[in-house]
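One structure below.
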Amino acid sequence: MKLSCEPHDVIFEKGGTESSKDGGKKKAKAAGVSPGRVELSPPPQYIEERLTLYTKLKAEHDTLMAERAANNSRAIKVTLPDGKVVEAESWKTTPYQVACGISQGLADNTVIAKVNNIVWDLDRPLEDDCSLQLLKFDDEEAQAVYWHSSAHIMGEAMERVYGGCLCYGPPIESGFYYDMFLENNEGVSSNDFPCLENLCKKIIKEKQPFERLEIKKETLLEMFKYNKFKCRILNEKVTTPTTTVYRCGPLIDLCRGPHVRHTGKIKALKIHKNSSTYWEGKADMETLQRIYGISFPDPKMLKEWEKFQEDAKNRDHRKLGREQDLFFFHDLSPGSCFFLPKGAFIYNSLIEFIRSEYRKRGFQEVVTPNIFNSKLWQTSGHWQHYSENMFSFEVEKETFALKPMNCPGHCLMFDHRPRSWRELPLRMADFGVLHRNELSGALTGLTRVRRFQQDDAHIFCSMDQIEEEIKGCLDFLRTVYDVFGFTFKLNLSTRPEKFLGDPDVWDQAEKKRPEDFNTIDIQIKDAIGRYHQCATIQLDFQLPIRFNLSFVSHDGDDKKRPVIIHRAILGSVERMIAILTENYGGKWPLWLSPRQVMVVPVGPTCEEYAQKVKQEFHSSGFMTDVDLDPGCTLNKKIRNAQLAQYNFILGQYGEMRSDHLSSHLRRMWRSPQTHVNARSKQGLCFQLSSLMVTLLQRIKYNCQYLQWDLV
């Protein structure tokens, strides 16, 4: 049902009282739908007061800029990406005017400018000689600006509809959101979306210009005195005497910018989700209402996005996890997953897969404690910067904490006895349970949890071993991701600004990276084109220094400092299961499938034998079930098994003898609906096992790990 936001349906008056006209509210109630909101009339008083002060300050600023343009303007040179130099005037010429000089089409399609590698408003005058780039929507920085401007449009609509206090409204990976504080624990409903969207369309149609203005901090505290959250930002975050605001229509907000030229540049906008959150993510702070949106420069792109979202919704691991009986969460242990038997099979299969690779690649698995004295984390440096994200407690007047990572414990293992160069590289692997105190509002299915395990490993090596070890890590990564069917991309990371250790050591290490290694930041691409960060390959010179680690060099006279390579392929096993669930859409490959074989007896007379068939496959190492539901027909049972994504469905028919079984094998791998006939249950086990071997060989997976008893 589509609710209109016209005034005749329902009017929300100042103070939150409601009145209805023409029975609109009664009709909505009769339909079982709560009525949506409409624009406040009159608007909140703070909007007019804020705009009055802004208008005065803007007039003063415009006068100053006119004087500067008249007195200080001079000829400047603007260098374009192709090397062409364009003449311009400082404090007068804007990037938009330069773009128009090239072509009007370019100017119209440009989202934002980049001046000397700094994003810059298209209508903001250039100040000196500079390089200039004109970015379109396909550029990531331009997308962020486009979505940030869209957030301001939605923020304007939210103020005009709810009258609350706007908080943060940033662009995100796909779209934008705005947080708002509403008095009296008021909430936001999806029924409000049509009204908000219609108001956004009106704002877009008006082509409200985005205006930038730099204002003194004390003046801004007066401008935003009605909004305690903006005052907090000014008092706690702004450390300069002045900062900037941006205006579009009646909305004025603290913002660094930049923005698109005007609201009319947004061609398609959709509000699609809302939720509750806390101020700055802290559970002891005020509850805020968050509204999400997305926008594009072409309505066709919005339609494509909607199709993509529908596909992603159907693949959501939380939905599939419930439907396939894999896992669940409980309020009594938030952020900690309960893996049911079929989910545990996937979990353990992934770990065993990595273990099989460890054996081939010279990794030694270790087991380390879950609880450490805080002194360990003080030594590692984590306590100073990460203690608020750790679960800590007091025991016998000493502070202890659950480990959030394995590396400090591995440093203790390396250091517990003298080490020789002959032991290097020393590759330690650990599947230990980790805990991180994530904010409750940030917990999201398996992708953001408090309790998890990683395929965590740390390689202790010498400087001259770095290149080969990194090559080995990359080969490990390629092998695993090829099995999953993932492609991945790499991005270069260099030493941080605040690094610890000798600069010469960093220089040597960076030279040791092989030519084909472009990054330690790895992102995998799933079946519907999304990128996920999972793997980690990182050089670490700080922990060996902090723990004073050393090994005896080959000449025996000198102790040297090892380098640590942090390495994870799956990353969090929980997060990888979420990604794999959505990547496969619940249609698990045979080796990972918790539903490999379903035995379907024709009728009650076959049930005893069906149980024996199930046991035969179970003994051969397959995840096997039998459907003995007396209320279902054979066709219904087969259909249920298909919907449950069993890889193989065995339907028994004909005369049953212990030494002879005629079965149809409905093959669900690669080519569904292919039927295979087996003369005996032993032969069928062999066929399945052989198929398993063939499939695993196809994906270059070591069959020995499976340990099937091939008949």
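The values are calculated or read from the model by the stated rules, or taken from the named source; none is laboratory data. Note that this is a predicted model, so its numbers are computed, not measured. Heads up, the Cβs are rebuilt from the backbone with ideal geometry, glycines too, and the neighbour counts pull from every protein chain shown.
Residues that are within 29 Å of R322 (Cβ to Cβ) and free of Cβ contacts under 8 Å to residues at least 40 places away in the same chain: list the helices (runs of 4 or more DSSP H) wholly contained in the stretch 338-394 that include at least 1 such residues. Reasoning before the result, please.
Working: elements: 341-361, 374-380, 382-386.
Ranges flagged: 341-361.
The rows are residues; the columns are (1) at pLDDT 95 or above; (2) surrounded by fewer than 24 Cβ atoms within 10 Å (Cβ to Cβ); (3) not aromatic (F, W, Y).
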residue	(1), (2), (3)
E141	yes, yes, yes
Y168	yes, yes, no
E186	no, yes, yes
S189	no, yes, yes
E197	yes, yes, yes
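Which condition number in (1) under 23 Å from the mean Cα position of the chain (by Cα); (2) over 30 Å from F339 (Cα atoms) is the one that L446 fails?
(2)
Would you point out which residue out of T287, T277 is assigned by the TED database to the domain that holds M158 and within 18 Å of the chain's Cα centre (by Cα)? Quick ask: steps written out before the conclusion?
Details: T287 fails: within 18 Å of the chain's Cα centre (by Cα).
Exactly one of T287, T277 is assigned by the TED database to the domain that holds M158 and within 18 Å of the chain's Cα centre (by Cα), namely T277.
Looking at the stretch 350-389, which of the residues that are touching a Leu at 6+ places or on another chain (Cβ under 7 Å) and farther than 24 Å from L426 by Cβ is surrounded by the most Cβ atoms within 10 Å (Cβ to Cβ)? Before you say what the answer is, go through the steps one by one.
Pass one, the stretch 350-389, residues touching a Leu at 6+ places or on another chain (Cβ under 7 Å): 350, 354, 370-371, 380.
Then drop every residue that is not farther than 24 Å from L426 by Cβ, which leaves 350, 371.
Working: L350: 20, I371: 13.
Across the stretch 350-389, the extreme among qualifying residues is L350.
Would you pick out the residues in the stretch 274-303 that are in contact (Cβ under 8 Å) with a residue 60 or more places away in the chain and assigned to a helix (DSSP H, G or I)?
Initially, the stretch 274-303 is screened for residues in contact (Cβ under 8 Å) with a residue 60 or more places away in the chain, giving 274, 276-279, 281-283, 286-297.
Result: W279, G281.
Grab the strands (runs of 3 or more DSSP E) fully contained in the stretch 506-600, keeping just those with 2 or more residues being modelled with pLDDT under 90.
Per the criteria, 521-525, 531-540, 597-600.
Name every residue in the stretch 153-188 that is hydroxyl-bearing (S, T, Y) and part of a helix (DSSP H, G or I), in order of residue number.
The initial filter retains those residues of the stretch 153-188 that are hydroxyl-bearing (S, T, Y), namely 162, 168, 174, 177-178.
Answer for the stretch 153-188, where residues must be hydroxyl-bearing (S, T, Y) and part of a helix (DSSP H, G or I): just Y162.
Which count do you get for residues in the stretch 373-422 that are closer than 18 Å to H566 by Cα, in contact with a strand residue (DSSP E or B) (Cβ under 9 Å, 6 or more places away or on another chain) and small (G, A, S)?
1
What are the residues in the stretch 62-87 that are under 43 Å from the mean Cα position of the chain (by Cα), surrounded by 14 or more Cβ atoms within 10 Å (Cβ to Cβ) and among the hydrophobic types (A, V, I, L, M, F, W, C), if any?
Scanning the stretch 62-87 gives V78, L80, V86.
Can you name the residue in the stretch 119-152 that is part of a strand (DSSP E or B) and over 26 Å from the mean Cα position of the chain (by Cα) and is also nearest to F193 (Cα to Cα) among such residues? Working first, answer last.
In the first step, residues of the stretch 119-152 are kept if they are part of a strand (DSSP E or B); the result is 119-120, 130-135.
Those left that are additionally over 26 Å from the mean Cα position of the chain (by Cα): 120, 130-134.
Numbers: W120: 32, C130: 44, S131: 42, L132: 39, Q133: 37, L134: 34 Å.
Among those residues, the one meeting the criterion is W120.
Look through the stretch 437-453, keep the residues that are modelled with pLDDT under 95 and in a strand (DSSP E or B), and return whichever of them is nearest to H532 (Cα to Cα).
R448
Among the residues of the stretch 409-435, write down those that are assigned to a helix (DSSP H, G or I) and not hydrophobic (A, V, I, L, M, F, W, C). Talk me through it step by step, then tell me what you get.
Applying the first criterion (assigned to a helix (DSSP H, G or I)) to the stretch 409-435 yields 409-415, 421-423.
Those that are assigned to a helix (DSSP H, G or I) and not hydrophobic (A, V, I, L, M, F, W, C): G409, H410, D415, R422, E423.
Output the number of the condition that F338 fails; it satisfies all remaining conditions of (1) modelled with pLDDT under 95; (2) of a type in the set (A, V, I, L, M, F, W, C); (3) over 25 Å from V483 (Cβ atoms).
Failing condition for F338: (1).
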